[in-house]
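Each remark here refers to the structure printed beneath this line.
The values are calculated or read from the model by the stated rules, or taken from the named source; none is laboratory data. Just so we're clear, the structure is a prediction, and the values are computed from it rather than from any experiment. When we count neighbours, we look across all protein chains shown, and the Cβ atoms used for this are built from the backbone with ideal geometry, even at glycine.
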Amino acid sequence: MAKASASFGRLRQRLWNNHHVSMRVKGKIYRAVVLSTLLYGAEAWTMYRRQAKKLRAFMMRHLRSIMRITWLDKVTKQGNIRSLIRKNLRWTGHLMRMSPDRLPKQVLYSQLSSGHRKRGCPRLRFKDTIKRNLTLRDIMTDTCTSLSQQRDKWRALVK
């Protein structure tokens, strides 16, 4: 969040406060620079409500700053941060195509050899997040491994 805020701040005088630049251009630059910085690596996060709420608050604060409206004004078309992250399932396909001896696949798909998880509702694992995102996109979790091996089909499926 700090890096995204810094990139937003660097553009304040030159772009956000410039009245000669249209809102459409400002929106495109916001998505390209600030949102890509904010959501860098977000596909690998296990997203909880608390983090989604913080990211959404960050987005709304900066969008209100661009549009020069106060927090009392309601923004009607507001993006869901989780849907932005779910759109980018390409990295999941890349991870599934990796050989089992690669470190990222071992770390993200491994289980504890000793010990146990806490009582109560267990914290989400990366595997759980992948399964949830795939089912929300109507992709069968049992066939996704074979689909991810075919890079073109996987990209078309997750777009």
statement: Taking the stretch 48-57 and keeping only residues that are surrounded by 14 or more Cβ atoms within 10 Å (Cβ to Cβ) and either at pLDDT below 75 or out of contact with any helix residue (DSSP H, G or I) (no Cβ under 7 Å at 6 or more places or on another chain) (or both), one is left with Gln51
query: When both residues are 6+ apart or on different chains and their Cβ atoms are under 8 Å apart, which pairs have a first residue that lies in the stretch 15-30 and is without any contact (Cβ under 8 Å) to a residue 40 or more places away in the chain, and a second that is part of a loop (DSSP other than H, G, I, E, B)?
result: Leu15/Val21; Ile29/Leu11
message: Pairs please, first residue from the stretch 130-159 and assigned by TED's automatic domain parsing to the domain that holds Pro100 and without any contact (Cβ under 8 Å) to a residue 40 or more places away in the chain, second anywhere and assigned to a loop (DSSP other than H, G, I, E, B) and surrounded by 12 or more Cβ atoms within 10 Å (Cβ to Cβ), Cβ atoms under 6 Å, 6+ apart in sequence or on different chains.
response: Lys131/Thr141
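A quick yes/no check of all residues on (1) in a helix (DSSP H, G or I); (2) surrounded by fewer than 15 Cβ atoms within 10 Å (Cβ to Cβ); (3) modelled with pLDDT of 80 or more:
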residue: Ile69; (1), (2), (3): no, yes, yes
residue: Val75; (1), (2), (3): no, yes, no
residue: Gly79; (1), (2), (3): no, yes, no
residue: Ser83; (1), (2), (3): yes, yes, no
residue: Gly93; (1), (2), (3): yes, no, yes
residue: Met96; (1), (2), (3): yes, no, yes
residue: Cys121; (1), (2), (3): no, yes, no
residue: Leu124; (1), (2), (3): no, yes, no
